[in-house]
Amino acid sequence: LSPSVDGGHFPIKRVVGERVVVDCDAFADGHDELAVRLRHRPPRSDEWHELPMETLGNDRYRAAFDVETVGRHAYGVIAWVDRFGTWRRDLERRLDAGQDVSVDLLIGADLVRSAVDNAAGSARDRLSGAVAAMTDGAAEPEARGRAALAPELAALMATRAPRSHAATSDPIREVVVDPVLARFGAWYELFPRSASPRPGRHGTLRDVIARLPYVAGLGFDVLYLPPIHPIGNAFRKGANNSLDAKPTDPGVPWAIGGPEGGHTAVHPELGTLEDVRALVAAADDLGIRVALDLAFQASPDHPFVREHPTWFRARPDGTIQYAENPPKKYQDIYPFDFDSEDWPGLWRALLDVALFWIDRGIRVFRVDNPHTKPFEFWEWLIGEIKRAHPDVLFLAEAFTRPKVMYRLGKLGFSQSYTYFTWRTTTSELRDYFTELSTPPVRDIFRPNVWPNTPDILHETLQVGGRPTFQARFVLASMLAASYGIYGPVFELGENVPREPGSEEYLHSEKYEIRHWDLDAPESIAPLIRRVNEIRRAHPSLQTNDGLAFHATGDDQVLAWTKHITPAWTDAPTGRDGVDPDPILTVVSLDPREVRTARLEIPVAEVGLDPELPVEADDLLTGRTQTWPGGRGTLLLDPADCPAAIFRLRQGPDDR
């Protein structure tokens, strides 16, 4: 049975409006026909819905169902030997051969008679009528036989016939259905304390509200805020991660907790809980979700350290173990001990933290370093939350090993960060995104692709200048249905590392309050705005399906198409005949030289007629080119823009 994750131990993932295509092998000894049905059940329902599964040949069957509500849906397969279907098949063969079918009709009548008790009303009457017709001695056997083959009778028997010795798939499979935002969305991260319009003043949540029109104008769907809680004073870090903090240094937002409170408190200089409500409401009005950071760790000043010392790991000298990622040391952060004697109390307290913010309108969480906490904890916590709030989404900040990242996806995380930041060549990008967009990964892992984060300034951005920022942005936003940027750092091209060989920013906002000129001429905000418009206008860009890479004749140029593929077949047209909406993106990875891409797009594979011209509408410039047979040549100049985005459509038939 597929799709199935680890034999059904974990659910697959879909979003509202998607189709779940189920395939299975079903066979029995002998030559009898089989009845194979797909069963599915929506959340909070005891009623199973059934669909017949079509044979694909070689004992393989397929059917599909659409999911229209958030929550956990169930599905499976039931199959049995179809005695009536087998009889009907053999009767037709005997009639075609001109054989006497008198006895066969009596056998068939007994089969129909066995279904009468499973019917009521008009269905029961029609089945009884069929029995009478099949046993009517006054009629010719051939005429009675032809009547017995009526499609109406076959349809009645398909649902009313007894299911002797039926086999069911075990265990029941599940599909977690999330809001569409789990599959498609653009995220924007900013530090509220740097949102003040006046240099030198600590930003507030009200300043973030004033920043919302800018974020919405760029076309972002999610505004992600690093922790907004009080920051500890003990071992506070100074500028550039210095151990000698000045009294004016604001501290690291991830060092959570102080005299003002812990994970359910708001940093006094940012505002109040009422300001959080106001921000969520203002964002909702603009179609933006606010995502909060869920960082389960504490500063030495957190109330939990005093109230629940057993929730932390003590060292032999009596001090509490601070966080480390050798050689990095985070003296200002204490990890929780998830295996402490009072682990049930700790786990419940952390669940209460998430529920506290859910009650205040938060529906999206970015989870800090989930791979450093027990798998069982996340499966429990996410399960508890989604039972009551199935629309809540969790993004895993898990820059760790692939199998660990995929395991977190199986446990319930809606999305995850990826290795995109470190995939910098055309071959690396092709291989990685092919892996992410095909089973089995696509059923349990939704990528959210970021070219930068507060922790990661990759070398390519340090040395490539504005063209590399443009290229990496187009790669992220067009290869993946979900992506994010850490801004305004990204759109303004901030690219100076703390020291050579480091991925840390110089004067990082993690340690300092910064002021940004959003109207700076070097900003790539216009490109970001236009690409987000393109993403919203084209359904093929709102999924990770339908991705195909194409040769360019240059190993520094990457080209790919995305188009709508039906879930039902491998045909190149959309489900129910919708426009395949093929979008071609071409990106040069060379920030210095003009590159030439010689393209030959297999137009039939993206739903177009290869016998007709292909019109390529440049969605960034507004110009249109004609490409006979999908063949075209492009020049990509990094001084202008190292990327091009085309909507492919059928040209006129001049034959």
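The values are calculated or read from the model by the stated rules, or taken from the named source; none is laboratory data. Since the model is a prediction, treat every value here as computed from it, not as a measurement. Glycine also receives a Cβ, built like all others from the backbone with ideal geometry; neighbour counts cover every protein chain displayed. For accessibility, only protein heavy atoms count, side chains too; no ligands or nucleic acids. Shrake-Rupley method; radii C 1.70, N 1.55, O 1.52, S 1.80 Å.
If only one of Gly287, Gly262, Gly257 is modelled with pLDDT of 95 or more and open to solvent by 20 Å² or more (accessible area, probe 1.4 Å), which one is it?
On the way: Gly262 fails: open to solvent by 20 Å² or more (accessible area, probe 1.4 Å); Gly257 fails: open to solvent by 20 Å² or more (accessible area, probe 1.4 Å).
Criteria check complete, one pass: Gly287.
Of all the listed residues (Phe394, Phe413), the sole one being in a loop (DSSP other than H, G, I, E, B), closer than 27 Å to Leu223 by Cβ and touching a strand residue (DSSP E or B) at 6+ places or on another chain (Cβ under 6 Å) is Phe413.
Are any of the residues in region 379-389 under 18 Å from Ala548 (Cα atoms) and not small (Gly, Ala, Ser)?
The answer is no, given that none of the residues of region 379-389 is under 18 Å from Ala548 (Cα atoms) and not small (Gly, Ala, Ser).
Being in a loop (DSSP other than H, G, I, E, B) and not aliphatic (A, V, I, L, M) is the filter here; which residues of region 637-655 pass it? Listed by number, the residues that qualify are Pro638, Asp640, Pro642, Gly651, Pro652, Asp653, Asp654, Arg655.
Can you tell me which residue within region 430-444, out of those that are among the β-branched types (Val, Ile, Thr) and assigned to a helix (DSSP H, G or I), is least open to solvent (accessible area, probe 1.4 Å)? For region 430-444, the residue satisfying everything is Val441. Listed by first and then second residue, the pairs linking a residue in region 298-309 that is on the phi < 0 side of the Ramachandran plot to a residue that is open to solvent by 50 Å² or more (accessible area, probe 1.4 Å) and among the polar types (S, T, N, Q), with Cβ atoms under 6 Å apart and 6 or more places separating them unless they lie on different chains, are Asp301/Asn233. Of all residues in region 454-472, those satisfying the criterion of being outside any loop (DSSP other than H, G, I, E, B) and either modelled with pLDDT under 95 or surrounded by fewer than 20 Cβ atoms within 10 Å (Cβ to Cβ) (or both) are Ile456, Glu459, Thr460, Gln462, Val463, Gly465, Arg466. Scanning region 354-372 for residues that are buried (at least 19 other Cβ atoms within 10 Å of the Cβ) and more than 20 Å from the chain's Cα centre (by Cα) returns Ala354, Trp357. If the condition is being aliphatic (A, V, I, L, M), assigned to a loop (DSSP other than H, G, I, E, B) and in contact with a helix residue (DSSP H, G or I) (Cβ under 7 Å, 6 or more places away or on another chain), then region 593-636 contributes Ile601, Leu619, Leu620. Apart from one condition, Asp579 fits all of (1) farther than 30 Å from Ala64 by Cβ; (2) open to solvent by 70 Å² or more (accessible area, probe 1.4 Å); (3) in a loop (DSSP other than H, G, I, E, B); (4) of a type in the set (D, E, K, R); the exception is (1). Across region 402-429, the qualifying residues are those that are charged (D, E, K, R) and more than 19 Å from the chain's Cα centre (by Cα), and the one among them that is surrounded by the fewest Cβ atoms within 10 Å (Cβ to Cβ) is Glu428.
Scan region 311-330 and give yes if some residue there is outside any strand (DSSP E or B), at pLDDT below 95 and among the polar types (S, T, N, Q), otherwise no. For region 311-330, residues outside any strand (DSSP E or B), at pLDDT below 95 and among the polar types (S, T, N, Q): present.
Against the conditions (1) part of a strand (DSSP E or B); (2) hydrophobic (A, V, I, L, M, F, W, C); (3) over 30 Å from Asn241 (Cα atoms), Met478 satisfies every one except (1). The single condition among (1) crowded, with 16+ Cβ neighbours inside 10 Å; (2) among the hydroxyl-bearing types (Ser, Thr, Tyr); (3) more than 27 Å from Val305 (Cβ to Cβ) that Tyr334 does not satisfy is (3). In summary, Ala551 fulfils each of the numbered conditions (1) surrounded by 14 or more Cβ atoms within 10 Å (Cβ to Cβ); (2) closer than 27 Å to Gln625 by Cβ; (3) at pLDDT 95 or above with the single exception of condition (1).
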